[in-house]
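Worksheet for the structure shown next.
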Amino acid sequence: MASASCPRARRAIDDLQAIPALLQKHHTRSSGPLADAGWLFNTRRLAIFIQLYHVNHTQTVAQQLGITQPAVSAALKVLEKGADSALFRRTPEGVRPTPAAELLYPPVSRALNELENIWSDLAARRGVLEGTVRIGALPLSRTRLLPSAIAAFLAQHPGITLMTNESPYESLVADMRAGNIDFIIGALRQDEDLPDLCSEALFEEDMLILLA
């Protein structure tokens, strides 16, 4: 069973261990090297950070996670000490991520998503297909291609949950980098320079103009 989870666990560890160097590169203060990544290896602490990044309110995060507001503040204090930077700033509308938090978010989110998917991998080793596939859907795919593909897939794999995200392309790319979606389907962007992502053509279609 352990071998099924090792690749995901290894990727999660690699993402977290890369964070101190990432923060150091963009640090504005002339402090010494950041400590190792030990402050990041606590899933509850990371979940608090992710929720606060999205919700922007400590009391709401505490309610969602079933913990106290002081526990949220304590977790944030540990993360900010490890990052040697403030991660959120207070505003009248709640807390907002700082540049340091923006750097932390993608690798932390990827790591948590990898760990969450380990359970599906272990189930697959037992011959059980379950879990969630999250799809970024661009306009070209939404009307016919994706709905028919989803219907056919679920007929064969009823234990899998499919979720679609119809946000703008830039938001979908950011979500994919954070591990929040698994792939994007739609028209290829020939002018995009995204060396960290790969694209594959599924089919080609000619465009026609009809004139009366």
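The values are calculated or read from the model by the stated rules, or taken from the named source; none is laboratory data. In this text the structure is predicted, and so the values were computed from the model without any measurement. Note: ideal-geometry Cβ built from the backbone for every residue, glycine included; neighbour counts use all protein chains shown.
At-a-glance table
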| read-out | value |
| --- | --- |
| Search result, residues across segment 74-122 that are closer than 13 Å to A178 by Cα and in contact with an Asp or Glu (Cβ under 8 Å, 6 or more places away or on another chain) | P107, V108, R110, A111, E114 |
| Unique residue being surrounded by 19 or more Cβ atoms within 10 Å (Cβ to Cβ) and not assigned by the TED database to the domain that holds R11 when the list is L76, L162, L112, L103 | L112 |
| Residue check, A151 more than 30 Å from P195 (Cα to Cα) and in contact (Cβ under 8 Å) with a residue 24 or more places away in the chain | no |
| Check on L104, assigned to a helix (DSSP H, G or I) and in contact (Cβ under 8 Å) with a residue 24 or more places away in the chain | yes |
| Residue that is without any contact (Cβ under 8 Å) to a residue 24 or more places away in the chain and either on the phi > 0 side of the Ramachandran plot or not assigned by the TED database to the domain that holds H27 (or both), where the choices are A137, A124, A178, A212 | A212 |
| Any hit, segment 77-85, residues being farther than 21 Å from I19 by Cα, among the basic types (K, R) and over 21 Å from the mean Cα position of the chain (by Cα) | no |
| Tally of residues being touching a Leu at 6+ places or on another chain (Cβ under 9 Å), part of a helix (DSSP H, G or I) and closer than 26 Å to R8 by Cβ across segment 76-99 | 3 |
| Those helices (runs of 4 or more DSSP H) lying entirely in segment 136-202 with at least 3 residues out of contact with any His (no Cβ under 6 Å at 6 or more places or on another chain) and under 23 Å from Y53 (Cα atoms) | 169-177 |
| Single match in R125, R144, R177 (criterion: basic (K, R) and surrounded by 14 or more Cβ atoms within 10 Å (Cβ to Cβ)) | R177 |
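Yes/no per residue for (1) more than 30 Å from G38 (Cα to Cα); (2) among the charged types (D, E, K, R); (3) surrounded by fewer than 16 Cβ atoms within 10 Å (Cβ to Cβ):
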residue: R89; (1), (2), (3): no, yes, yes
residue: V108; (1), (2), (3): no, no, no
residue: T132; (1), (2), (3): no, no, yes
residue: P168; (1), (2), (3): yes, no, yes
